Structure formats: structure tokens, C-alpha cells
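Encoded as C-alpha cells, here's the structure I'll be asking about.
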Number of protein chains: 2
Amino acid sequence: MSDGLRERKKLQTRRAISGVALELFRERGFDNVSVAEIAAKAGISKMTVFNYFPAKEDIVLGPLEEHVGDPAAIAEGKAPGEPVVAAFRRAFLERLEGRAPETGLNDDPALLQVLNLISETPPMVVRIFGFRHRSEQLLVEALRDPAAGPHDLRARLVAGHLTGLWYTLQGENVRRIIGGERAGEVYPDAVAAANLGFDLLADGIGDYGAW
Amino acid sequence: MSDGLRERKKLQTRRAISGVALELFRERGFDNVSVAEIAAKAGISKMTVFNYFPAKEDIVLGPLEEHVGDPAAIAEGKAPGEPVVAAFRRAFLERLEGRAPETGLNDDPALLQVLNLISETPPMVVRIFGFRHRSEQLLVEALRDPAAGPHDLRARLVAGHLTGLWYTLQGENVRRIIGGERAGEVYPDAVAAANLGFDLLADGIGDYGAW
DNA sequence: TCAATATTTATATCGGGAATAAATATCGAC
DNA sequence: GTCGATATTTATTCCCGATATAAATATTGA
């Protein structure tokens with residue numbers, strides 16, 4: 001059975017670890033809490049922590065990692081005939097409206113703690129670059145035109161721009177939410193920013209900065 | 001005096017460290033060589049290694065890091081009235097022609113060793129994402145329009161796209177050079193790739209992928 | 001209840017990196 | 001060239017993340 005006691009316990013342990021860890025990190029900072037300490041407070045052994053999370057940073061970043069496949073999924077799920085950029089714009093605006101955490105436009109206290117923690121911890125910021133890279137690679141696969149051969153450069157370039165825009169927009173929202181603004185306040189600007197970003201991407205920036 | 005014995009010795013030590021380290025890394029792989037071993041072989045103490053390089057990875061990545069400021073410099077040095085994208089296209093094509101290492105289009109054996117080493121060592125790949133991020137931040141500063149306020153979103157978006165394109169083009173070249181092709185062979189494709197990339201960026205990708 | 005399997009644990013070890021203070025080398029001024 | 005100020009290197013110690021191994025324990029389906 002896929003839903004027995006074992007699975008339930010695992011989920012529970014996983015949550016116990018990240019719960020305890022987040023609490024300690026908040027109190028004293030990521031670097032000043034050892035994995036051994038987390039394990040002790042969670043009532044398990046240090047080894048078990050690494051059993052659930054490949055690295056200390058992943059205890060915090062787990063929820064973010066779940067979204068690495070989003071851009072690829074958007075490309076794959078787009079309406080036939082719809083340009084990819086348009087599909088991304090739609091998808092992002094929809095998520096903004098729903099205050100989806102992955103847009104950064106969400107001021108839930110628990111999420112805020114996580115965002116603050118990440119922003120203050122360089123190694124975790126670095127890990128996010130890794131997520132972004134994986135996002136991009138998955139998107140390349142989703143966009144790849146088989147007729148263009150195994151190395152569709154155009155798909156790579158487009159994927160790079162879309163992923164970059166996605167993360168930039170998200171980053172802007174995160175920055176403001178961390179700065180103390182409420183999601184509701186930021187929302188109009190977030191929509192405007194997204195539209196600006198997708199406009200620039202759709203229409204090109206060939207004439208930018210001719211000063 | 002800025003050019004005394006002290007400075008000369010420092011440069012010499014620095015080179016000794018990276019020379020010895022690269023040799024060992026090539027032989028046995030990055031992870032199978034300890035910093036202590038590098039220090040021993042270079043005839044210095046382990047502490048001194050960390051004195052010269054903040055982290056083990058930086059022993060290899062030093063030369064790459066020197067180019068983080070390139071995009072910002074291009075923006076700052078562009079001809080008056082020239083669009084930024086045009087300036088970047090020119091700069092990249094010039095560097096391609098000169099087989100500049102930072103374009104990836106350079107098959108010098110020593111460089112090749114470094115590229116291979118990096119590509120096989122995930123933590124170093126990650127560090128490069130960090131360089132890219134710094135590149136982008138510097139470019140934002142260079143592009144920022146004071147009239148647009150302290151957070152020129154347009155500049156951020158443009159910087160993101162330019163930096164992304166820059167690294168993507170570089171990555172394509174590196175991939176092929178690592179694959180064993182010669183710079184001369186790759187050159188025509190690299191020029192075509194760059195032009196495609198800058199065209200897409202200049203004119204936009206609004207109609208891409210409407211299948 | 002039992003045997004097969006998955007998970008957790010204890011234990012040992014490695015190596016990167018920081019902190020400290022002592023030793024050594026280089027500097028510029030005389 | 002000598003000397004005191006300043007940089008640099010060094011030895012030493014320590015912490016902690018991460019891995020490997022094998023033993024112990026829990027969960028499973030029969």
C-alpha cells in the first residue's frame with residue numbers, strides 16, 4: 001500500500017525537522033544552528049536529517065524547489081496557437097491574482113520568515129540559482145522543436161529569457177514583501193511590472209538606452 | 001611603493017597555488033584533492049591558501065571572476081546614441097573575432113583543462129551562477145536611469161536579458177569547445193548564434209512558439 | 001507471528017573553513 | 001644598514017557539514 005503508516009510517519013518526520021529547524025533558524029540565524037542540534041530537538045539522529053534533506057539548506061528550500069517545473073508546465077499546457085510569451089504572461093498574472101507564493105506576492109507570516117531567512121543567507125540564495133537553472137533546462141526541453149535538431153538554440157535563448165523574467169518579477173515582489181509591504185499594496189505594481197516585463201520581452205528592447 | 005618585492009611575491013605565490021592545484025585537480029579530480037595537499041605541494045601552509053582564495057573553488061575560478069564587470073563596462077563605454085543591445089552585439093562579436101576566452105570560443109589547452117574541470121564539478125558551476133548574478137547587478141547600476149528612481153525596473157529587466165544572453169552564448173561556445181571542436185570551426189556558428197540571440201532580444205519573441 | 005524490506009541509528013572519519021596568537025618578512029624613515 | 005611599524009605567514013585548535021559502514025529497529029504483507 002502506498003499510503004500506510006510508513007508514509008505517514010515520513011511526512012510527519014519531514015515536517016518535524018523543518019518545523020524545528022525553521023524555529024531555530026529564526027531565533028539564531030542559519031549559521032548558528034547545527035544540524036546536530038536540529039536533530040536533537042526533533043528527537044531523531046543527525047543521520048536521519050540528512051536522510052530527509054540532502055543538505056542543510058534544503059530543509060528551508062524544499063517548498064521552493066517544488067516549483068522548478070512550473071515554467072516547463074506552463075509551456076506544455078499552453079493553448080494551441082498561443083505564443084509562449086502570451087501563455088507565460090497569462091500564467092503569471094493568474095498566479096499574481098491568486099497571490100501564489102511562487103510569485104513572491106504573498107505576505108503569509110510563515111512564508112515571510114522563510115523569505116527573510118533565505119535573503120540573509122548567501123548559500124541559500126546560491127541554491128536558488130541552481131533551481132533557476134534547472135527550471136530553465138526543463139523549459140528548454142518543453143520548448144524544443146524536434147525539427148530544429150537536438151540543440152535548438154532558439155529554444156534555449158527563449159527559455160533563458162522567460163526564466164529570467166519569471167525570476168526577476170518574483171524577485172521584485174519578494175523584495176517588497178520582505179521590505180514590509182503587504183501583498184495587497186504591492187499587487188497593482190506587480191501587475192504593471194509583469195506587463196512591462198512581458199511587453200519588453202514580446203516587443204524587444206532593440207531601442208533601449210540610446211542615450 | 002605599489003610594486004615592491006611584497007607585491008611580486010604575492011603574485012608568485014598566487015600563481016604557485018593555482019598551478020599546483022590545477023595539476024592535482026586534473027590528475028585526480030577536484031573532490032579528491034584536499035587544500036592541505038595543495039598547500040603542502042606548494043610549500044606553504046593551508047591557512048595561506050585560504051588567505052589568497054576565499055574558497056577552494058576560487059583557486060580555479062579566479063580568471064573567470066575577473067570578467068564579472070565586463071557587461072557593465074560595455075554599457076558604460078558605449079557610443080552616445082547607440083542602443084545598449086547594439087553595443088552588446090558589437091562587443092560580443094569583437095570578442096568572438098579575437099577569440100577572447102570570456103566568450104568561450106578559445107581552445108587553448110590550459111583553458112580547456114579549466115573548462116573541463118568546472119563542467120565536471122557542480123559546486124564550481126554553481127559559483128559561476130554567482131558571478132552571473134554579480135554581473136547582472138553591476139549592469140543594473142550601469143544602466144540605471146536616475147530619473148526612473150532608485151529602482152529602475154526597466155533597467156533590471158534589460159540587464160537580466162542582456163546578462164542572460166551573454167552567458168547563454170558563452171555557454172554554447174564552451175559546450176562545443178569542451179566537446180572537442182576547435183575555435184576556428186565553431187566561429188561561424190558562434191557568430192550566427194550571437195546574431196540570432198541579439199536579433200531575438202532586439203526585436204522580441206512575442207510570436208515565438210505559436211504552435 | 002514471521003520473514004522480507006525499509007528506515008533509523010551509532011560510530012567513525014574526512015575535509016573545508018574560521019579564529020587566535022605567535023613568528024617572520026617587508027616596508028619606509030633615518 | 002638599522003630600526004620600528006606594518007603585512008603576511010604560520011601553527012594550532014576547533015567547529016560543523018557531509019559521507020560511509022554496519023548494526024539495530026520498525027513496518028510491511030503474508
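Are any residues in segment A:175-211 aliphatic (A, V, I, L, M), at the interface with chain B (Cβ under 7 Å from one of its Cβ atoms) and closer than 21 Å to A:PRO71 by Cβ, and if so, which ones?
Just the residues of segment A:175-211 that are aliphatic (A, V, I, L, M), to begin with: A:177-178, A:183, A:186, A:190-194, A:196, A:200-202, A:205, A:210.
Those left that are additionally at the interface with chain B (Cβ under 7 Å from one of its Cβ atoms): A:193, A:196, A:200-202, A:205, A:210.
Within segment A:175-211, A:ALA193, A:LEU196, A:LEU200, A:LEU201, A:ALA202, A:ILE205 meet the criteria.
Let me ask you something else. Just one of B:ALA73, B:ALA39 is assigned to a helix (DSSP H, G or I), within 14 Å of DNA strand C (Cβ to nearest atom) and either away from chain A (no Cβ under 14 Å) or among the polar types (S, T, N, Q) (or both); which is it?
None of the other options fit; the residue is B:ALA39.
Working only within segment A:99-120, note down all residues that are over 12 Å from the mean Cα position of the chain (by Cα), under 22 Å from A:GLY164 (Cα atoms) and either within 14 Å of another protein chain (Cβ to nearest Cβ) or free of Cβ contacts under 8 Å to residues at least 40 places away in the same chain (or both).
Once the filter is applied, which keeps residues that are over 12 Å from the mean Cα position of the chain (by Cα), under 22 Å from A:GLY164 (Cα atoms) and either within 14 Å of another protein chain (Cβ to nearest Cβ) or free of Cβ contacts under 8 Å to residues at least 40 places away in the same chain (or both), segment A:99-120 yields only A:SER119.
Quick one: B:TYR167 ticks every box in (1) outside any helix (DSSP H, G or I); (2) assigned by TED's automatic domain parsing to the domain that holds B:GLU94 bar one, so which box is it?
(1)
If you check B:GLY130, B:GLY62, which single one turns out to be within 16 Å of DNA strand D (Cβ to nearest atom) and either within 25 Å of B:GLY164 (Cβ to Cβ) or not in a loop (DSSP other than H, G, I, E, B) (or both)?
Numbers: B:GLY130 fails: within 16 Å of DNA strand D (Cβ to nearest atom).
After ruling out the rest, the residue left standing is B:GLY62.
Follow-up question, since we're still on this one. So which residues in segment B:144-169 are among the hydrophobic types (A, V, I, L, M, F, W, C) and more than 8 Å from chain A (Cβ to nearest Cβ)?
Step one: list which residues in segment B:144-169 are among the hydrophobic types (A, V, I, L, M, F, W, C), which gives B:147-148, B:153, B:155, B:157-159, B:162, B:165-166, B:169.
B:ALA147, B:ALA148, B:ALA155, B:ALA159, B:LEU162, B:TRP166, B:LEU169 - these are the residues of segment B:144-169 that are among the hydrophobic types (A, V, I, L, M, F, W, C) and more than 8 Å from chain A (Cβ to nearest Cβ).
Answer yes or no as to whether A:VAL85 is away from DNA strand D (no atom under 12 Å from the Cβ), in contact with a Lys or Arg (Cβ under 6 Å, 6 or more places away or on another chain) and either hydrophobic (A, V, I, L, M, F, W, C) or part of a helix (DSSP H, G or I) (or both). Walk me through how you get there before you give the answer.
Working: away from DNA strand D (no atom under 12 Å from the Cβ): yes; in contact with a Lys or Arg (Cβ under 6 Å, 6 or more places away or on another chain): no; either hydrophobic (A, V, I, L, M, F, W, C) or part of a helix (DSSP H, G or I) (or both): yes.
Considered against the rule, which asks whether it is away from DNA strand D (no atom under 12 Å from the Cβ), in contact with a Lys or Arg (Cβ under 6 Å, 6 or more places away or on another chain) and either hydrophobic (A, V, I, L, M, F, W, C) or part of a helix (DSSP H, G or I) (or both), A:VAL85 comes out as no.
Just to be sure before I move on: is B:ARG14 within 14 Å of DNA strand D (Cβ to nearest atom), over 30 Å from B:ALA202 (Cβ atoms), outside any loop (DSSP other than H, G, I, E, B) and more than 14 Å from chain A (Cβ to nearest Cβ) in the structure I sent? Write out each step before concluding.
On the way: within 14 Å of DNA strand D (Cβ to nearest atom): yes; over 30 Å from B:ALA202 (Cβ atoms): yes; outside any loop (DSSP other than H, G, I, E, B): yes; more than 14 Å from chain A (Cβ to nearest Cβ): yes.
In short, yes.
Then there's this: Given the residues B:GLU141, B:GLU172, which is the only one that is more than 9 Å from chain A (Cβ to nearest Cβ) and not hydrophobic (A, V, I, L, M, F, W, C)? Reasoning before the result, please.
Values: B:GLU172 fails: more than 9 Å from chain A (Cβ to nearest Cβ).
None of the others qualify; the one that does is B:GLU141.
A follow-up question, please. Can you tell me which residue among B:ALA21, B:ALA40 is free of Cβ contacts under 8 Å to residues at least 40 places away in the same chain and near DNA strand D (Cβ under 10 Å from one of its atoms)? Break it down stepwise before answering.
Details: B:ALA21 fails: near DNA strand D (Cβ under 10 Å from one of its atoms).
When all the criteria are applied, what remains is B:ALA40.
Within segment A:15-31, how many residues turn out to be touching a helix residue (DSSP H, G or I) at 6+ places or on another chain (Cβ under 9 Å), within 14 Å of DNA strand C (Cβ to nearest atom) and over 21 Å from A:ILE128 (Cβ atoms)?
The qualifying residues number 2.
Still on this structure: Within segment A:68-75, identify whether any single residue is under 29 Å from B:ALA55 (Cβ atoms) and either acidic (Asp, Glu) or out of contact with any Asp or Glu (no Cβ under 8 Å at 6 or more places or on another chain) (or both), and answer yes or no.
First, pick out the residues of segment A:68-75 that are under 29 Å from B:ALA55 (Cβ atoms): A:68.
So of that shortlist, the ones also either acidic (Asp, Glu) or out of contact with any Asp or Glu (no Cβ under 8 Å at 6 or more places or on another chain) (or both) come out as A:68.
Within segment A:68-75, one or more residues are under 29 Å from B:ALA55 (Cβ atoms) and either acidic (Asp, Glu) or out of contact with any Asp or Glu (no Cβ under 8 Å at 6 or more places or on another chain) (or both).
Turning to a different aspect of this structure: Mind listing whichever residues of segment A:84-116 are aliphatic (A, V, I, L, M), crowded, with 18+ Cβ neighbours inside 10 Å and under 30 Å from A:ASP31 (Cβ atoms)? Explain how you work it out, then say what you get.
The initial filter retains those residues of segment A:84-116 that are aliphatic (A, V, I, L, M), namely A:84-87, A:91, A:93, A:96, A:100, A:105, A:110-112, A:114-115.
Subset that is crowded, with 18+ Cβ neighbours inside 10 Å: A:84-87, A:91, A:96, A:105, A:114-115.
Within segment A:84-116, A:LEU105, A:VAL114, A:LEU115 qualify.
The values are calculated or read from the model by the stated rules, or taken from the named source; none is laboratory data. Computed from a predicted structure; not experimentally measured. Using ideal geometry, Cβ is built from the backbone for each residue, glycine included, and neighbour counts are taken over all protein chains shown.
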